[in-house]
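The structure appears right after this line, and notes come after that.
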Amino acid sequence: MIPFSGKLLALFVILSFLLGSCSSSKYLREDESLLVKNKLKIDTEISEDKKNSLAFELSTFYRQKPNTNFMFLFPREWYYFANEGDSSWYNNWARNYLGETPSIFRESESFKTSESMENYLRNKKGFYNAEVDYSVTTQNKSTEVKYLIETGPLYTVASLDYIGEDEKLIQVVKGFENSSIIKVGDPIDAGLFDQEKNRIANRLQNLGYANFVPNYINIIGDSTNHAHAVDILIEIRNPGVNQTHKKYRVGNVNIFTDYFQGQNTDQLISKEMHDLIFKRSTPEFYVRPSRINERVSIRRGDLYRRSEQNKSFRKLSTLDAYRFVTVTPSVSSESDSIVDVNIFMTPYQTRWISDTGINLFYSTISASGRRLFGFSVDGSLKNRNIFGGAEVFSLDGELGYEFDFSPTVKTSAITGNLQSNLQIPKMLDPFKTVKALNAIGVLSDDNLSEFKDQTTTRISLGYSQTNIIDFYNLRTINASFGYDFRPTTNQTFLIRTFGIDFNDYQLEQSFLDRIDDNPLITNSFESNYFTGFLFRNLSYLYQAPKNAKGFSWAQIANIELSGWEILLANKLLDSGNEWRFNDNYDFSQFLKLELDTRVYKDLFGESSLALRANAGIAFPLRSTQQVPFPKQFYVGGPNSIRAWQLRELGPGGHSELLLNPIANQLFYQQGDIKLEFNIEYRYELFWILESAFFIDAGNVWTRSEDETRPGAQFTSDFYKQIAVGAGWGLRWDFKYFLIRFDFGYRLRNPFPHPEKGNYWQPLNTFKFLGNVNIAVNYPF
């Protein structure tokens, strides 16, 4: 048998041979070379941060870029060269999907690039004396271009003033000059000037000047009296000779509540309410006018404000009953200082929609030889306008079955759930919780007004069951009332002010034997109620837009609190007896906190980097309780640490189940504390196929000592118990969903080997496919 070191050497030799055979230079003519690198050398006096930003901006002017590599190693231009001139289907496919057009160096393109950079620095960034040159280095048919940039001094704003023929309008503009984006001492930057133009135009549009646009603003600079500074004059131009910008008020606001393209709007039924004119083609309104009225802030006689028009459009667009909403202002035929506003609302043709699907799941457990297969059938039913006020009712159900088809294993599970939701596009406050928060000053009047404008009320009721046959059965009934608050397009708050979950557990003797009647585990399986009568949970989601450098990030935070009102009542009553629902069911009292941060960065070509850091802690509010099993943390599985199965890893350095795997193994390892880190390099292969390399790390721990699971408790040595896995994956991207195959390999165990004392997994123990995970969509 070849030793493992010999296998590595053979692999290295084969890889070296393949890379050598993929040389692209043999396809080039004598006078040709490939561009392999662009480089910038910037000589400037600006700060390092600004220098880095400037370097990125200048890099966007490269007219030629080096070719990328397939799977990091194989040059894509080679696939193009090797298959050129052959029109067979394979060669066409390889050239189009694996290859890239060779980046053959052309000095004329470098010259044009340097010219573009120099013009940009002089005309857009305030470096009026900038000079850009370049040098070319070619060796072995490979060319590197270095752009040599001397920016010279950066010109700044010496003074700022507003001028124009319409003195009245100039005074209006000067009235809000304190919020100007441009300040004395700022660098001369065309981007800042464009932002200032937009600021002035937006402010004027919100003061009645409906037709004012940034094109009416001209920036004039004069550096006569300064060495490296410029006097800036912002000129507000008139729309024409002997004309001034008009100020408008709102006239008629017409709302077409069931509009469709080609509709004869002259023969509609009209009804005026709330200073709005509602029009319909049917005997009854599709959505009650009162609901639409709540979302329209434009009123007859008001000064025309673009912000109110946009606000009305945004709020109307959130009504799920409508497919399209268009807001169109136009000057009234009766007066040239009046703007009529037409709002066209196109409803969906059908109120009821349904959807069904089948999900498949497959995973291997290399340590015990298990092969898990699961499938589920799901369906949903949705009404977009169930009560005529754009209320959305949905009913979702799923039924699944999971089993192990290994010959020595009999574990199987049945899961099912049915969940109903009612979304009302209005803030309802039946328990007066929001009003109370406003009364005690937690929620200001301004914040309350914004909350009412951007909130949807959600009422939920559901049932779920998980039956791990021969181990345990969990049945849950849940009911909740709360709000979905979306103040911006990037932020969402999910608030549940009221919620009750009833959890009923039935534990089989085989499960109790398996866990050795561990009290930390059995106490977490007590039948109970999760309650919140004033506050149950809060989730915060933020998604930052992608910037010019291809960088974006997201954050998800969760706070969950149960039984705190019961705990407070027991403390206030001080009767010595804690209130329980009955002898069999207790009120679970716990606090759970979790934070999930994700970072995404576009790289070269169609590749990207994704990172995630996830941390959480949960603890009981009463010393006699444990955090319930459904609310504890776990790791492993297709969306977590993929080298281990769901709930297989941890807690802490507990090693019995991993070192001594047994047939018919049930994984139940969870904890009160969680740390997890993931990094993925994602890249496009061809057609709809993508691939990825990933590293996962983390673990879960208990807060208190567990005598039956040594090493489970979180201590100062927690970092030694961080498990590390790595792997690769294949993904088929069908645009609306993605099917993912991830293959995970264990690199580092959370405990030392009992004989060797080493945490790291020997390479010769790896199996070809590792731990197989099949799932839908990205893990994060």
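Numbers below:
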quantity	calculated
Estimated inter-spin distance, residue 500 and residue 688, nm [label 7 Å along Cα→Cβ]	4.7
Rg followed by Dmax, in Å, when the range 427-489 is reduced to its Cα trace	17.9, 56
Distant-in-sequence amide H partners of residue 134 (H built 1.01 Å from N, under 5 Å)	148
Karplus (6.51, -1.76, 1.60) ³J(HN,Hα), θ = phi - 60°, over the range 555-565, in Hz, Gly and Pro reported as x	9, 10, 10, 10, 10, 10, 9, 10, x, 6, 5
Three principal axis lengths of the range 483-565 [C-alpha, angstrom, descending]	59, 33, 16
Accessible-area ranking of 170, 774, largest first, probe 1.4 Å	774, 170
Extension gain from residue 401 to residue 284, taking 0.36 nm per residue of separation minus the Cα-Cα distance	37.4 nm
Theoretical gain in end-to-end length, residue 333 to residue 753 [0.36 nm per residue, Cα-Cα removed]	142.6 nm
23 Å Cα-Cα threshold exceeded, pairs from 315/452; 124/601; 50/549; 146/601; 197/247	124/601; 146/601
Calculated FRET efficiency for the pair residue 378/residue 656, C-beta based, R₀ 60 Å, to 0.05	0.95
Identified option (computed mean projected area of the Cα convex hull in nm²; candidates (1) 33.1; (2) 38.8; (3) 46.7)	(3)
Inter-probe distance in nm under a simple model that places probes 7 Å from Cα toward Cβ, at residue 533 and residue 310	4.5
Paramagnetic label zone (point 7 Å from Cα along Cα-to-C-beta, residue 302; backbone N under 18 Å) in the range 431-451	446-451
Estimated FRET transfer efficiency (residue 491, residue 431; beta-carbon r; R0 25 Å; 0.05)	0.50
In order through the range 38-47: 3J(HN,Hα) via Karplus (6.51 cos²θ - 1.76 cosθ + 1.60), integer Hz, x for Gly, Pro	10, 9, 10, 10, 10, 9, 8, 9, 6, 5
Longest to shortest principal axis, alpha-carbon extents of the range 281-346, angstrom	35, 27, 19
Stretchable slack from residue 194 to residue 557, in nm (0.36 nm times residue separation minus alpha-carbon distance)	127.1 nm
Inter-probe distance in nm under a simple model that places probes 7 Å from Cα toward Cβ, at residue 49 and residue 318	3.4
Dipole of the range 600-750, positive direction: furthest Cα of 702, 608, 723, with charges on the beta-carbon	702
Projected-area average for the range 586-702 over all orientations - Cα convex hull basis, square nanometres	10.0
5 angstrom amide H check on residue 163, placed H, neighbours 5+ away	234, 235, 236
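The values are calculated or read from the model by the stated rules, or taken from the named source; none is laboratory data. The structure displayed is predicted, hence computed values, not measured ones. FYI the Cβ positions are ideal-geometry reconstructions off the backbone, even for glycines, and counts take in every protein chain you see. Heads up: the accessible areas ignore ligands, DNA and RNA and are worked out on the full protein's heavy atoms, side chains in. Shrake-Rupley method; radii C 1.70, N 1.55, O 1.52, S 1.80 Å.
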